[in-house]
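What follows is a single structure, written as structure tokens, with notes after it.
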Amino acid sequence: MSDHAVVYAPSAEFIAQANVKGMEGYRELYAAADADPEKFWSEFAASSVDWAEPWTQVLDWSNPPFAKWFVGAKLNVAHNCLDRHLSTSRKDKIAILFEGEPGDSRAITYAELHKLVSRFANVLKGRGLKQGDRAIIYMPMIPEAAVAMLACARLGIIHSVVFGGFSAEALKTRIQDLGAQLVITADGGWRRAKEVKLKPAVDEAVLDCPTIQNVIVYQRTNSGAAMTEGRDHWWHELEAGVSDDCPAEPFDSETPLYVLYTSGTTGKPKGILHTSGGYLTQAMASMKWVFDLKESDIYWCSADIGWVTGHSYVVYGPLASGATVLMYEGTPDTPTFARWWQVIEKYKVTIFYTSPTAIRALIRQGDQFPNAHDLSSLRLLGSVGEPINPAAWEWYYKTIGKSKCPIVDTWWQTETGTIMISPLPGAVPAKPGSGTLPLPGVQAEVVDLKGHPVERGKEGYLIIRKPWPSMLRTLWGDPERFKEAYWSKFPGIYFTGDAARQDEDGYFWVLGRVDDVMNVSGHRLSTMEIESALVRHPAVAEAAVVGKPHEITGQAVCCFVTLKKGDHDVDALGKELRQWVAHEIGAFARPEEIRFTEAMPKTRSGKIMRRLLREIVTSHTVAGDVTTLEDMNVITSLAAAQQDED
Ligand code: WT7
């Protein structure tokens with residue numbers, strides 16, 4: 001990554017129509033926010049969100065790191081995404097355009113979506129659910145997933161969406177941690193021309209979840225499902241005859257909206273808690289500034305609702321902003337690698353937001369797929385989830401954007417709730433591979449171990465100095481871990497877990513995680529979580545997992561495993577362990593590689609030295625400091641084995 005990268009400035013035409021025009025526009029906004037963040041956010045919140053009651057205080061930071069934004073104010077998030085549009089010209093505007101993988105499609109207006117959400121909220125009320133209860137949503141990428149989220153929001157029920165690719169085991173631990181009363185699921189969804197069933201995983205998971213009283217099943221694939229009397233209900237049956245009228249009661253600004261589990265540095269996922277007023281405010285701010293949203297846009301974010309990107313940029317941000325959002329159920333390769341380009345052509349998508357992994361996978365298929373489709377409706381492209389390598393950026397820019405669409409490379413995290421570092425497309429010139437500059441109201445810095453800013457050009461830790469409205473409020477059920485994980489390395493300052501560098505223009509170059517967290521296809525995976533899964537297998541004595549550079553997925557999961565005594569067929573066991581991890585966590589966590597070793601490199605205190613293993617899989621040699629190594633022979637033999645393989 002060069003600091004002297006080519007600079008791509010937005011065209012005069014783009015700037016002229018942009019919500020934030022030119023560097024001047026950006027600097028003005030940034031300076032205003034920097035000078036008085038509370039004034040800045042209160043003005044934005046007052047002009048963008050529909051509040052039922054005003055706040056008495058913008059930010060309460062008297063008990064850090066537990067922030068409260070818009071203290072005393074009241075709002076209903078679902079009202080903001082739906083009801084308030086009904087008295088405007090957006091009433092009959094399309095809210096959701098849906099393309100199913102088999103080719104079925106739907107266009108749902110704001111008025112219709114409001115009806116669907118109100119009815120389903122009444123269904124939830126009918127099952128006895130109320131404010132503060134918890135619902136797990138385990139669904140395919142269909143409009144009803146958004147309906148379920150919004151119905152929960154309407155009633156103040158805390159939702160936790162679990163990505164459909166997670167296994168029954170992973171689903172179970174999330175239900176248990178949350179103490180959820182309800183699971184909302186579907187019979188299945190369509191993926192790569194096959195049905196992926198969801199209900200059987202729910203059945204397996206809830207066996208050990210005594211808190212679950214109801215399971216509601218949406219009929220998507222029509223393949224039937226085993227229904228447990230008294231517990232399981234078909235969505236359409238509960239909905240029959242239910243009223244369309246469900247008032248949206250205003251809730252306190254700090255009412256929990258959702259918990260989203262993400263991987264941390266231990267075996268146990270962290271339940272990131274987001275609340276209402278501040279979250280919605282900043283989600284709307286980024287729709288305006290980063291996605292430059294206009295009334296006429298057809299906006300498509302390809303993320304699954306199981307990830308935070310799907311929460312903030314498929315559901316809450318776009319719908320609160322009155323956008324037309326496209327949802328596509330399947331994968332980019334079915335029936336052919338032209339599917340996404342076909343969808344863009346069919347619906348005349350103007351804004352497209354996806355991940356570097358997807359871009360790299362599509363590059364590999366060749367330009368004939370995008371070139372066969374009319375992509376001229378596109379005006380803005382986005383990237384998220386991991387650093388985008390300059391070559392992929394250039395391809396995205398030229399082959400997809402035809403050199404006329406700015407690209408917003410957006411850096412943020414499940415924890416930050418919304419985009420923190422990104423070019424504003426009509427303002428900040430892009431450098432391929434850099435997220436460029438922080439958004440107004442975001443004090444991002446690169447610091448050394450003591451928390452002091454490092455010189456331009458030097459690597460350091462990426463931190464956010466001051467609280468922001470969409471920040472996570474705590475970890476569900478574990479405030480101590482919240483403090484420890486994010487606020488202890490630099491007391492009182494939010495630590496992102498990423499390393500970064502600022503270049504001579506102040507542009508941020510995010511270099512990746514500094515902790516034991518991998519980024520595979522833009523999805524966060526914990527080394528510890530996979531290690532815990534591996535050691536649950538009866539043949540495994542010890543496991544150490546590291547991320548290995550991978551051409552398409554950024555990183556791939558590489559596992560070092562020592563076995564218990566006995567005769568093992570290592571070829572068969574390698575396959576079995578990969579499958580085992582898929583079963584324990586989900587298919588997307590399936591390791592790329594299992595490497596059996598006699599022993600692990602350890603420190604004197606017995607900690608596995610993953611750094612050395614990382615070096616082995618990355619550079620194939622061990623150059624780092626090994627003075628704390630317990631057994632030098634081990635590392636030498638591991639490094640030697642690697643060299644043999646090469
Ligand atoms: C981690 C957060 C943000 C939603 C999707 C992932 C990495 C994310 C970028 C980017 C470089 C990025 C960071 C971050 N990351 N976006 N544009 N450039 N790195 O959310 O699972 O919470 O992961 O993804 O390492 O800390 P997540």
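General observations
- For the pair the stretch 158-235 / the stretch 81-120, the C-alpha centres are spaced 25 Å from each other.
- Per-pair calculated FRET efficiency, R0 = 60 Å: HIS568 and MET23 via Cβ, rounded to 0.05: 0.45
- Per-residue ³J(HN,Hα) for the stretch 67-74, Karplus 6.51 cos²θ - 1.76 cosθ + 1.60, θ = phi - 60°, Hz, x for Gly and Pro: 8, 10, 10, 6, 4, x, 6, 10
- Charge tally for ALA170 (other residues, Cβ to Cβ under 14 Å; Lys, Arg +1; Asp, Glu -1): +1.
- Electrostatic bookkeeping for GLU551 treats Lys and Arg as +1 and Asp and Glu as -1; over the other residues with beta carbon under 10 Å from its beta carbon, the sum is +2.
- Modelled FRET efficiency - R0 35 Å, THR228 with SER105, Cβ distances, 0.05 increments: 0.60
- Counted by Cβ distance under 13 Å from ASP374, the other residues give a net charge of +2, where Lys and Arg count +1 and Asp and Glu count -1.
- Accessible-area value, GLU254, 1.4 Å probe, nucleic acids and ligands omitted, Å²: 40
- Rg/Rh for the chain, where both radii come from Cα atoms and Rh is the Kirkwood radius: 0.95
- Greater than 21 Å apart at Cα, pairs in LYS270/LYS602; LYS21/LYS348; LYS39/LYS91; LYS93/LYS346: LYS270/LYS602; LYS21/LYS348; LYS39/LYS91
- Using a probe of 1.4 angstrom and keeping all protein chains present, the accessible surface of the stretch 36-331 works out to 32 square angstrom per residue.
- The stretch 36-331, relative contact order in percent, only Cα pairs under 8 angstrom and at least six apart counted: 23
- Of the accessible area of the stretch 11-115, computed with a 1.4 Å probe over protein heavy atoms only, carbon and sulfur atoms account for 52 percent.
- Estimated [θ] at 222 nm from DSSP helical runs (n ≥ 4, -39500 (n - 2.57)) normalised by residues in the chain, nearest 500: -8500 deg cm²/dmol
- Average Cα contact separation per residue, the stretch 150-240, under 8 Å, 6 or more apart, as relative contact order %: 27
- With contacts taken as Cα pairs under 8 Å and at least 6 residues apart, the chain reaches a relative contact order of 14 percent.
- Ranking by accessible area, most exposed first, for LYS575, LYS450 with a 1.4 Å probe: LYS450, LYS575
The values are calculated or read from the model by the stated rules, or taken from the named source; none is laboratory data. Small disclaimer: the values here were computed from a predicted structure and weren't measured. Neighbour counts are summed over all protein chains in view; Cβ atoms, including those assigned to glycine, are modelled from backbone coordinates with ideal geometry. Calculation scope for accessible area: heavy atoms of the full protein, side chains included, ligands and nucleic acids excluded. Shrake-Rupley method; radii C 1.70, N 1.55, O 1.52, S 1.80 Å.
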